[in-house]
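No lab work stands behind these numbers, since they all come straight from the coordinates. Bear in mind the structure is a predicted one, so any value in this text is a computation, not a measurement. Quick reminder, even Gly has a Cβ in these numbers, built from the backbone with ideal geometry, and neighbours come from all protein chains shown.
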Amino acid sequence: VERCLLFGDSAGGNLVSMAAAMLSNRGLLEELARRTGEPLLEFKYPAVERVALLYGFLDSEAPLEGASWVVSLGFRFVLDCYAPRGVDSDMPYTFLALRDGIATFPPTLLLAGEADPIFPSTLRARDMLASKGVDVMYRAYPSTHAFLGFPRSWPLPSEFQ
């Protein structure tokens, strides 16, 4: 495989964004290999041509205004999974922490629900990518995380009608 497209949703969106960043910027991959001791540089990776992310950014700096305590607790748990206590705090574990390492990021489609507690993270990612000259297509829909309660304008498959 010489080229690929990457798609991720929710936490998978953050994982895909990190993979795309590493595969698009050899320096990031080298830094990860150095810090982890894993033989990451021994493999041949495909070129990432495009990325599509569905509500998939985590950002420890984005507020969770209006989020319930359960959502806030879940969000903190997920962030702790990316950067457990005692791990090298200088290593960026979320996409938005990469900042300067994304100038070579591939063209990206961002989809988000406006009522999603992590919606501010998606907006920050959109703005950060655009500021680095990355081609970003962004769409927001009046929905929550995972698009529960699909927008009425979207046609539903017959089995859901």
Listed highest first by mean packing, meaning other Cβ atoms within 10 Å per residue, what order do 25-32, 36-43 come in? 25-32, 36-43
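Suppose the chain between Arg26 and Glu42 were pulled fully straight at 0.36 nm per residue; how much longer would it get relative to their current alpha carbon spacing? Mind showing how you got there, number by number?
Values: separation 16, 0.36 × 16 = 5.76 nm, distance 1.25 nm.
Taking 0.36 nm per residue and subtracting the Cα distance, the gain is 4.5 nm.
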Points 7 angstrom from Cα along the Cβ direction at Arg50 and Leu5: gap in nanometres? 0.4
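Kindly rank 14-23, 69-78 from highest to lowest mean number of other beta carbons found within 10 Å of each residue.
For the peptides 14-23, 69-78, the packing ranking is 14-23, 69-78.
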Once both label points are put 7 Å beyond Cα along the C-beta direction, the Thr144-Ala33 separation in nm becomes 4.4
